[in-house]
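We did not get these values from a lab; they are worked out from the coordinates using the rules stated. In this text, all values refer to a predicted model and were calculated from it rather than measured experimentally. Here Cβ is always computed from backbone atoms with ideal geometry, including for glycine, and neighbour counts include all displayed protein chains.
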Amino acid sequence: MIATAATLLDCSPARVWQEVQTSKLLMYITRPLLVFQPITPARFPDIWTDGKYLTRIKLFGLIPFCKHWIVITHPMLDPTPGKQVYNILDDGYGDLISTWRHLITIHETESRRTHYTDRIEIRAGVLTPVIWVYASLFYRYRQMRWRRLIAHGFDYRQ
């Protein structure tokens with residue numbers, strides 16, 4: 001199943017791209033609903049690079065949920081000169097979820113705002129519909145946290 005959520009962000013695509021590549025953004029936009037704890041390596045990189053990162057996910061920071069691999073690649077969607085599209089892919093999987101293919105796409109709108117899209121392909125056997133519903137709500141929450149972060153001038157303490 002595929003879940004998609006999109007929003008307009010009031011800042012440049014370059015700034016959104018700069019932030020989306022950081023592990024501190026992941027920690028900010030997912031709290032308190034989900035907390036990712038690095039296992040291997042023992043610490044997330046400051047800037048995501050192509051690679052595999054084993055995590056432990058806790059619901060609400062308290063309830064152990066599963067172990068999950070974050071598998072980062074930076075695919076190129078549109079090589080057309082003058083059409084800047086940023087994207088990053090997490091081709092993850094884990095104990096409960098066999099496919100968590102999360103593509104983030106960022107591009108500039110005509111009004112110079114950022115169009116930000118989360119597209120998640122989910123496969124989790126009989127749990128797929130339940131996880132799809134959660135993901136559909138969760139990614140809207142993440143995007144609300146994005147808008148809040150931007151409104152507060154990227155102050156991660158807010």
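Output ³J(HN,Hα) for the range 39-53: one whole-Hz value per residue in order, computed from phi by the Karplus curve 6.51 cos²θ - 1.76 cosθ + 1.60 with θ = phi - 60°, and x for Gly and Pro.
Karplus-based 3J(HN,Hα) across the range 39-53 equals 10, 9, x, 6, 9, 5, x, 4, 10, 5, 10, 4, x, 10, 9 Hz.
With +1 assigned to the C-beta of every Lys and Arg and -1 to the C-beta of every Asp and Glu, and no other charges, what is the dipole magnitude of the chain about the Cα centre in debye, to the nearest 20?
Value, rounded to 20: 480 debye.
Where does the range 8-61 land on Rg/Rh, using Cα atoms and the Kirkwood Rh?
1.02
Report the label-to-label distance for Asp155 and Arg31 in nanometres (one decimal), using points 7 Å from each Cα along the Cα→Cβ vector.
Simple spin-label model gives 1.6 nm for this pair.
Which value in nm describes the separation of the simple spin-label points at Ala6 and Thr128, placed 7 Å from the Cα toward the beta carbon?
Output for this residue pair reads 2.4 nm.
Using modelled backbone amide H atoms (1.01 Å from N, in-plane), which distant-in-sequence or interchain residues come within less than 5 Å of Leu34's amide H?
Amide H to amide H, under 5 Å and 5 or more residues apart or across chains, Leu34 pairs with Phe60.
With no solvent and one point on each alpha carbon, what is the Debye value of log10 I(q)/I(0) for the chain at q = 0.17, 0.19 Å⁻¹?
Relative scattering, expressed as log10 I(q)/I(0), comes to -1.06, -1.34.
Show me the helices of the chain, taken as full DSSP H stretches, that run 18 Å or more along their long axis by Cα and average -0.5 or above in Kyte-Doolittle hydropathy.
Passing helices, by number: 128-151.
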